[in-house]
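Just so it is clear, none of the values below were taken in a lab; they were calculated from the coordinates. As the structure is a computational prediction, the values presented were derived from the model and not from experiment.
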Amino acid sequence: MKRIITAYVEDSSGVLNRLTGLLSRRNFNIESITVGKTTQAGLSKITLLIDLESPQAAEQLLKQLNKQINVIKVNDITDQAHVARELALIKVAISADNRAEIHSIIQPFRTNILDVSTDSITIEVTGALSKVDALINLLMPYGIIEVSRTGLTAFPRGK
């Protein structure tokens, strides 16, 4: 079962390394991790997408993370109403023969075209993990040259 965990941590050297070390020692698989500064000076937010085997494992993980000295606040927002997005940059091989076809595929995904050359196109897509996966799957037959994904970032919706 996939869980979305957010952690507010002190913005200092080694904090991310300690948290990921804790997760690896406990055999938790991190599917994605994003880290960024917050509006509060000295704080960073970490968003983790973790595949866990049980609700008990999720509870144990939260307890372990909360015990860490540089961790301010940890939340499992999976079961709350939340907003979650990922950004992906996708470079696809393109030719004069398939240019129009690729444009018709990417249009419903509300992508942005970032770069076009004679032999490739670079596309930006933002959305749910399933949306990004779907676009990648549709573009595979055309020859994906490179993909760069940010990982999931999320927070609870307002009340």
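Structure summary
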quantity	calculated
Average Cα contact separation per residue, the chain, under 8 Å, 6 or more apart, as relative contact order %	28
Length-normalised contact order for the range 98-159 - Cα pairs under 8 Å, 6+ apart - percent	23
Eligible lysines near LYS63 by straight Cα distance, threshold 27 Å, same-chain separation 8 or greater	LYS2, LYS37, LYS45, LYS73, LYS159
Amide H contacts of THR78 (H built 1.01 Å from N, under 5 Å, at least 5 apart or other chain)	ILE4
The range 37-53 and the range 106-157: distance between their alpha carbon centers, rounded to Å	23
Cα long-axis angle, helix 55-66 against the chain (0 to 90 degrees, to the nearest 10)	70
With eigenvalues of the C-alpha gyration tensor scaled by 5 and rooted, the range 30-80, Å	21, 13, 9
Cα pair distances exceeding 17 angstrom across the range 17-114, given as percent	64
Degrees between helix 15-25 axis and first principal axis of the chain (Cα, 0 to 90, nearest 10)	90
